[in-house]
Every structure is written in structure tokens, then in C-alpha cells.
Amino acid sequence: MSHKIEVVPYDPHWPQMFEEEAKKIKQVLGENCSVVHHVGSTAVSGLAAKPQIDIIVAVKDFESALPSLANAGYIEKGEFNLPFHMIYGEQAGHTRANIHVFEEGNPEIELNLLFRDYLRNHPKAREEYTTLKYTLIKHKERNDVEKHGLRVYTLGKDAFIRKILLKAGFNGLCMRSSAHHDEWKIVRAWRQKFFFDKIPIADPYTWTFNHKDHLHLIFYKGTKIIGYAHIQLWPDHRAALRIIVIEENFRGHGLGGKFLKLC
């Protein structure tokens, strides 16, 4: 039986729900907790949202924060497509909160805050976002969580989110696992252009796109994709960097070194 994504009108109780959860998180993490932010649509007054509180927790030590939350009963839900990020569900199996853990200084924190604050300050953007959400959930295929997870619904909002981040002036450097069709389009094109056209042959390794031991990473500067890397995972915590490339217009500025460090 599939579970449908639910979008509801803004609930004025959401900020208080955040405060209650933030207090518990701070107690669990202690001095390792730098700051807790209410983000996502439930943090924007007047905006329709899924009735789940999105919380960003910035910590001083990412690795030690994860067992602390798990030991306190928070449920690990995975990193999704964001390396150096972990999502936890609320204690005791409740699903009203999604807790996003990042190490302090991670550009994804700024990204979420800029997006939230732009929507708080621009009523027309809020109205457009609300309309988009209700449009997306009308489509049965996009609203079937069991079949698609939140992926199709979430990716359906991608163009709007990019537009808002561009207007908000986000220019941070972020690394993500390839997930969106625009990202996969660039992965395919760059692999062929920068590597296999030189042989020349068609890329023989597209099978790695759906293999658990291969990571295809995208490097963003703001909302623009400027880099790509292919990493193969090996046993015993080893890995091989198969491909790394920076888009030609962004070479010579030290960005390749920063991408390599993240990889």
C-alpha cells in the first residue's frame, strides 16, 4: 500500500514544534552543537508544506554527533544525495521532524538559510512555490512515496529552487551525488567529451551509474555545475578516483584542488 505525500496549509504551531525539538537536540549534543536552525517550508509563515519540521543542526564534530543522536533514539534515514550530511527522524518512530546534520561551515547551511529567508521576504515567491507543490502532488506518479520515495516530488521543485537561490545570491561550493536528470546529462556529456572522445569510443562504463560501488559526484559553484568526479569503492575502506574534471571556464582558480579535497 503506497503512502501519499501530503501538503497542507501553513500551521502556526510549527515554530513551537521546532523549538521543542531543538531543545531536545541541544541537550543530546551538548557542546558539540553550534546552532540549530528551522528551515524548509514549515519555517516560512504562510507557506504550504509537508507537515514535517525540517531542522538543520550545525555541529563542531560531524562524526561524533551521529552516534550521539542514534544513542538518543533518533532514527538514521541516510545522507540522500548530500555527502557530509545525515538525516535523522524524530525519536520513537515519529516522522514529524527531519533533522539534517552538517558540520559547521558547510555551504549547504547557507543555501538553506538563503532560500528560507528569500521566501520569508517575498510573498509572490511564496505563492508560486505553494502553487507548484499542489500541482506536483496532483500527479499520481509523483505522489507515490512507496514507488518513488520523495525523489520525483523533490526533483520537480528543482528549477524553482535554483531560480530562488540565484536571486538570493548563493555562490557557495557544494558537492552532491548525481541525482537530477540535468546532473546526469552533464555526467554523460563530460565523460564522453573529456575522456572517451579522445580514444575515440562510446563510454563503456555507463553501467556504473546504477552500481552501489560507484559514486558519481557533482561539484557546484552556486547553482552552476562546474565539476564532476567518478569514485569506485573498494573493500577495506579503500577507493579509486577514476575521473575528475573541472569545466573549462573555471580552471586555473584553485577550484579543482578544493573539489579533490572533498573527494
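Since every read-out is calculated from the coordinates, none of them should be taken as a lab result. Predicted, not measured: the structure shown is a model, and the values here were computed from it. Here the Cβ positions follow ideal geometry from the backbone for every residue, glycine too, while neighbour counts run over all protein chains shown.
Below is a table of values for the structure above.
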read-out: Charge tally in the Cβ shell below 15 Å around LEU113, where Lys, Arg are +1 and Asp, Glu are -1, LEU113 excluded; value: -2
read-out: Relative contact order of the stretch 162-263, pairs being alpha-carbon contacts under 8 Å that are 6 or more residues apart, as %; value: 25
read-out: Debye intensity ratio I(q)/I(0), log10, the stretch 124-263, q values 0.09, 0.10, 0.11 Å⁻¹ (C-alpha model); value: -0.36, -0.44, -0.52
read-out: For the chain, projected area of the alpha-carbon convex hull averaged over all directions, nm²; value: 15.9
read-out: Least to most buried among TRP14, TRP190 (fewest other Cβ within 10 Å first); value: TRP190, TRP14
read-out: Descending Cα extents along the principal axes, the stretch 19-126, whole Å; value: 42, 29, 26
read-out: Non-local Lys pairs in the stretch 173-262, i.e. 8 or more apart or on different chains, that have alpha carbons under 16 Å apart; value: 5
read-out: Residue order, fewest to most beta carbons within 10 Å, for SER45, SER68; value: SER45, SER68
read-out: Net charge over other residues, Cβ less than 11 angstrom from the Cβ of GLU103 (K, R count +1; D, E count -1); value: -3
read-out: Between 0 and 90°, nearest 10: helix 62-71 axis offset from the chain longest Cα axis; value: 50
read-out: Gaussian network model of the chain, Cα within-10 Å springs - most flexible of LYS198, LYS167, LYS24; value: LYS198
read-out: Centroid-to-centroid separation of the stretch 225-255 and the stretch 46-88 [C-alpha atoms, Å]; value: 26
read-out: Within the chain, percent of DSSP bridges classed antiparallel, to nearest 5; value: 85
